[in-house]
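J.: Pasting a structure here, questions to come.
The values are calculated or read from the model by the stated rules, or taken from the named source; none is laboratory data. Please read these numbers as outputs of a predicted model, since none were measured by experiment. Virtual Cβ from ideal backbone geometry, glycine too; neighbours counted across all protein chains shown.
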Amino acid sequence: MAGKHAGPTMQELLRRLTQGSVSELFALAEPRQPGSPSFQNAYGVCLLRLGKVYEALTVFNEIALDPDTLRVRRDVPDSFKANLATARLMAKNPKGCLEAMRAIGNRRTEYCDRLRKALHRWSASLPLLQRLTWRLGVLPKTPIRLDFVPGELDGDDPIAGSFGKEV
């Protein structure tokens, strides 16, 4: 006799996320339960939106990176890669963000455009010397701010937009 799954379903997670109940949703999903990659992605989005960047980064690393090579997997949905890029950017790793963005198959989506613009604004806001050192690989301590709600689901997220929508 199989035990009844006590955790929230994917539909419950998505419903609460679209209603903006992120902290309530996070309480439902914590402690994180093994589940589908889509569930893990939704959980990571909750973490991003709650400002738990490094915890979100761990989740996205698990679902988007090849454990042998630590490279971004090509066989995962683009939304997972975009979330990895977002988490890396929020964790003050713009170089890692760019690496994850290069792995995205369709980079012409509204979400990718917002991410690119945030990275460009941050780079343009740096003083000349910091901008030059950033180009050489030395990361400045300047915080990176996003002007949009971070995190993207597999397609229809009314809070952050639709990932497949091209600009």
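J.: Exactly one of these conditions fails for T9: (1) out of contact with any Leu (no Cβ under 8 Å at 6 or more places or on another chain); (2) within 29 Å of P143 (Cβ to Cβ); (3) modelled with pLDDT under 90. Give me its number.
T.: Unmet for T9, out of (1) out of contact with any Leu (no Cβ under 8 Å at 6 or more places or on another chain); (2) within 29 Å of P143 (Cβ to Cβ); (3) modelled with pLDDT under 90: (2).
J.: On to the next question. Residues V22, V53: which one is buried (at least 17 other Cβ atoms within 10 Å of the Cβ), on the phi < 0 side of the Ramachandran plot and modelled with pLDDT of 85 or more? Show your work before the answer.
T.: Numbers: V22 fails: modelled with pLDDT of 85 or more.
Going through V22, V53 in turn, just one is buried (at least 17 other Cβ atoms within 10 Å of the Cβ), on the phi < 0 side of the Ramachandran plot and modelled with pLDDT of 85 or more: V53.
J.: Looking only at residues that are closer than 22 Å to Y54 by Cα and charged (D, E, K, R) in region 133-156, which one is modelled with the highest pLDDT?
T.: Per the criteria, the residue is D147.
J.: If you don't mind, another one. State whether the residues of region 110-132 include one that is modelled with pLDDT of 85 or more and either of a type in the set (V, I, T) or on the phi > 0 side of the Ramachandran plot (or both). Give the derivation first.
T.: From region 110-132, those modelled with pLDDT of 85 or more are 110-132; that's our starting set.
Checking which are either of a type in the set (V, I, T) or on the phi > 0 side of the Ramachandran plot (or both) leaves us with none.
Checking region 110-132: not a single residue is modelled with pLDDT of 85 or more and either of a type in the set (V, I, T) or on the phi > 0 side of the Ramachandran plot (or both).
J.: Looking at A87, A27, which one is more than 14 Å from the chain's Cα centre (by Cα) and either at pLDDT 85 or above or surrounded by fewer than 17 Cβ atoms within 10 Å (Cβ to Cβ) (or both)? Steps first, answer last, please.
T.: Details: A87 fails: more than 14 Å from the chain's Cα centre (by Cα).
The match here is A27.
J.: Report yes if K95 is at pLDDT 90 or above, closer than 27 Å to D66 by Cα and not aliphatic (A, V, I, L, M), otherwise no. Spell out how you get there, then give the answer.
T.: On the way: at pLDDT 90 or above: no; closer than 27 Å to D66 by Cα: yes; not aliphatic (A, V, I, L, M): yes.
No; evaluated as a whole, the condition is false for this residue.
J.: Same structure again: Of all the residues that make up region 71-94, how many are outside any helix (DSSP H, G or I), within 19 Å of H120 (Cα to Cα) and not hydrophobic (A, V, I, L, M, F, W, C)? Show your work before the answer.
T.: Pass one, region 71-94, residues outside any helix (DSSP H, G or I): 71-77, 91-93.
With the extra rule that they be within 19 Å of H120 (Cα to Cα), the set shrinks to 91-93.
Among the residues that remain, those that are also not hydrophobic (A, V, I, L, M, F, W, C) are: 92-93.
Of the residues in that region, 2 qualify.
J.: Can you tell me which residue among G44, G51 is of a type outside the set (D, E, K, R) and part of a helix (DSSP H, G or I)?
T.: Working: G51 fails: part of a helix (DSSP H, G or I).
After applying the criteria, what remains is G44.
J.: Still on this structure: Residues of region 90-109 being within 14 Å of the chain's Cα centre (by Cα) and surrounded by fewer than 21 Cβ atoms within 10 Å (Cβ to Cβ), which ones? Break it down stepwise before answering.
T.: Residues of region 90-109 that are within 14 Å of the chain's Cα centre (by Cα), as a first pass: 90-94, 96-101, 103-104.
Passing the criteria: A91, K92, N93, P94, G96, L98, E99, A103.
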